[in-house]
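Since the structure comes first, as structure tokens, the remarks are kept for the end.
The values are calculated or read from the model by the stated rules, or taken from the named source; none is laboratory data. Because the structure is predicted, anything quoted here is derived from the model rather than measured. Heads up, the Cβs are rebuilt from the backbone with ideal geometry, glycines too, and the neighbour counts pull from every protein chain shown.
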Amino acid sequence: MIVNGMRTAFLISLSASALFADTLSYTIIDQQVLGNFVSSKFIMKALVNVEELPSGSNMKTTAEAIWKDGNTLWNNFTLFLYLPGMNHEGAAYCFCEFSHGGLQKYEVQKFAIKGTRWEKKKPQKVKKPAKKKAEKPVLVYTLSLQVKKMTEGRSVDILVLTNFPEGTNLQLKVARPFFQREKDEEFFGILQEETCAVKEGRIDRRYTIDDSKWYYKTVNQKGGTKRSEECFTKFKSISPRIKVSVAYSPEIPQPDSVSRILGPNADYVAGKDTGKIGYGKPYIVEKYIEVHFTR
């Protein structure tokens, strides 16, 4: 205890219940007087002797009992209440201020017991194991492509045979390979491009090969005109063959009935060359057939 600048530390153990009803047993662990008797502040620290976390009302009743036990003459009386195991130099669990008129401020500081045995920890929820969905069978799907040039004219017949589900959308494409001057990469002039639905395990198409559209489109991109005979010199070579391809890809929109069978990312598709499906890579079958270029 400090009086007029002098401090004396001592312990006082009392059973408050002997003095006031409904109070808790406590031990005074420190007290200090700041200032003089005319304008002074009395600070007291007490340890509440409990085995279980006390209620707020019990703590308040105990604080008032301590104040009434010889401390009512102080106009500025501050009381800190601690629980067993708490650091007495740190924040108190309960903070109270009294004047001649009685209790002026009362506050329970729950943050002060964080990390102590008094902290109420939320029970951890036991996660139930997720129910495993029944795995769908991975089926082997095939694509067979047949291309035949008609004996007369510039038409080709295309036949796709497949065991992909009814209504599966496949992409058919017919293109002419060519090379441009001063470039090593191979380009393709698109002759036909169509998304076709499988019907009864097949797709049938007949296309007339017309090179004029892709050719003059490529020429015009380079600043030429349809009438300019110099346009042809912009090409290093144009293949006498055309490439026909049929492809399945997860990126091709599918009916819901098909997506349920194949999976949104071809999850249930297996077979030759299907291992590369995904990330935009299609399952594709290609055939080349000779159909001479003509403008």
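What to note about this one:
- Given (1) modelled with pLDDT under 95; (2) under 25 Å from VAL285 (Cβ atoms), number of the condition VAL174 does not satisfy: (1)
- Check on GLU119, touching a helix residue (DSSP H, G or I) at 6+ places or on another chain (Cβ under 8 Å) and either modelled with pLDDT under 90 or loosely packed, with under 10 Cβ neighbours inside 10 Å (or both): yes
- Qualifying residue in region 149-157 (condition: of a type outside the set (Lys, Arg), at pLDDT below 90, on the phi > 0 side of the Ramachandran plot and surrounded by fewer than 16 Cβ atoms within 10 Å (Cβ to Cβ)): yes
- Residue satisfying all of: in region 191-204; hydrophobic (A, V, I, L, M, F, W, C) and more than 41 Å from the chain's Cα centre (by Cα); farthest from THR162 (Cα to Cα) among these: LEU191
- Check on THR168, loosely packed, with under 15 Cβ neighbours inside 10 Å and either on the phi > 0 side of the Ramachandran plot or among the β-branched types (Val, Ile, Thr) (or both): no
- Among the strands (runs of 3 or more DSSP E) confined to region 51-131, the ones with at least 1 residues that are of a type in the set (A, V, I, L, M, F, W, C), under 24 Å from LYS41 (Cβ atoms) and out of contact with any Asp or Glu (no Cβ under 9 Å at 6 or more places or on another chain) are located at 77-82, 102-108.
- Looking across THR62, THR23, one residue alone is surrounded by 15 or more Cβ atoms within 10 Å (Cβ to Cβ), modelled with pLDDT of 90 or more and within 53 Å of the chain's Cα centre (by Cα). It is THR62.
- Any hit, region 194-205, residues being in a loop (DSSP other than H, G, I, E, B), assigned by TED's automatic domain parsing to the domain that holds ILE252 and in contact (Cβ under 8 Å) with a residue 40 or more places away in the chain: yes
- Region 34-63, residues that are of a type in the set (Gly, Ala, Ser) and over 20 Å from TYR93 (Cβ atoms): GLY35, SER39, SER40
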